[in-house]
Amino acid sequence: MDFSNQIILVTGASRGIGRTIAGQFAAQGGRVAVHYNANAKAAEETLATLEGSGHLIVQADLADEAAVQRMVETVITEMGGLHVLVNNAAIYEDHAIAKVRYDEWQASWMRTLHANLIGSANTTFLAAQHMMAHGGGRIVNVSSRGAFRGEPDAPAYAASKAGLNAMGQSLAKALGGQKVYITTVAPGWVETEMAAAHLNGPDGDSIRAQSPLGRVATPDDVAYTVLFLASAGAEFLTGTIVDVNGASYLRT
């Protein structure tokens with residue numbers, strides 16, 4: 001895969017899966033815009049790991065539509081365009097229905113949907129406008145196994161990811177004729193800081209045993225798939241949702 005002369009915006013690239021995705025694009029010659037919300041230090045650390053030059057850090061609260069617009073416009077103006085968007089940023093909050101108050105329930109739904117779904121929808125809209133006007137592009141959404149399997153302790157997270165799946169497939173139909181190709185990856189458990197408490201805790205062995213491979217995904221496993229979907233030759237996969245869960249959950 002060669003992403004030379006390609007400009008890639010990766011949301012949530014300050015750590016975890018996003019950092020690895022950014023690193024793999026840079027290793028293949030891409031110029032990467034590293035998005036973060038609150039952790040500037042982590043974004044700087046990501047930038048320092050990237051091969052090549054011409055990369056950029058951009059900040060935005062994805063729940064703020066004006067900030068999203070500034071972010072995309074900054075990437076296009078300062079980097080000279082936008083060829084690939086990876087909607088990776090997301091939050092996860094426990095809000096089990098039997099354990100929270102009504103106000104807590106509402107707040108979790110609002111925060112999660114704005115960050116995970118509406119923010120990605122707004123970023124996609126702005127990126128797609130540029131791509132349609134400049135010969136096309138690729139958008140890869142990072143969803144979750146939870147969109148299909150359910151998240152009993154975090155239903156807003158599962159719903160946001162199911163919405164992301166539906167948005168990606170809808171826009172794949174809407175934009176394919178204009179050479180904007182949209183695909184989605186749906187990981188299960190991944191070895192990240194966010195998952196460390198669960199994977200290193202008493203449930204760790206049972207989580208790993210969900211897959212016949214006896215492990216959970218690495219960030220590299222997810223990033224390889226993202227790069228493939230964003231690469232030349234993968235156009236006919238537009239609208240596809242790829243499970244990256246080691247056969248821990250099989251859809252029919």
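Each label point was placed 7 Å from the Cα along the Cα-to-Cβ direction; for Val100 and Met1 their separation is 3.4 nm. Given a Förster distance of 41 Å, report the FRET efficiency between Ala209 and Ser53 from their Cβ-Cβ distance, rounded to the nearest 0.05. The pair Ala209/Ser53 has a calculated efficiency of 0.40.
Remark: the Ala247-Glu235 segment gains 1.8 nm on full extension, using 0.36 nm per residue and subtracting the alpha carbon distance.
Residues whose amide H falls under 5 Å from that of Gly30, counting only those 5 or more places apart or on a different chain, are Phe3, with hydrogens built in the peptide plane.
Just want to confirm a number: the relative contact order over the stretch 145-252, from Cα pairs under 8 angstrom separated by 6+ residues, in percent. Before the final figure, lay out the partial values.
On the way: 132 pairs, mean separation 37.0, N = 108.
Relative contact order of the stretch 145-252: 34 percent.
Evaluate the relative contact order of the stretch 7-244 (contact order divided by residue number), counting alpha-carbon pairs under 8 angstrom at least 6 apart; express in whole percent. Walk me through the numbers before you get to the answer.
Numbers: 453 pairs, mean separation 45.1, N = 238.
RCO, the stretch 7-244: 19 percent.
For the stretch 89-198, the relative contact order is 31 percent, taking Cα pairs closer than 8 Å that sit 6 or more residues apart in sequence and dividing their mean separation by the residue count.
Each label was represented as a point 7 Å from its Cα along the Cα-to-Cβ direction; for Asp220 and Ala107 these points are 4.1 nm apart.
If you filter the stretch 30-72 for GluC sites (Glu not before Pro), then keep DSSP loop positions with at most 15 other Cβ within 10 Å, what is left? Write out the running numbers ahead of the final one.
Details: sites: Glu44, Glu45, Glu51, Glu65; in loops: Glu51.
Filter output for the stretch 30-72: Glu51.
Count the net charge of all other residues whose Cβ sits under 12 Å from the Cβ of Asn122, scoring Lys and Arg as +1 and Asp and Glu as -1. Numbers along the way, then the final one.
Numbers: positive: Arg70; negative: Asp61, Asp64, Glu65.
In short, -2.
Ranked by the mean number of other Cβ atoms within 10 Å of their residues, highest first, the peptides 85-91, 36-42 fall in the order 85-91, 36-42.
Every read-out reported here was derived from the displayed coordinates using simple, explicitly stated rules and does not represent laboratory data. Fair warning: this is a prediction, and the values are worked out from it, not measured in the lab. Glycine gets a Cβ as well: all are built from the backbone with ideal geometry, and neighbour counts include every protein chain shown.
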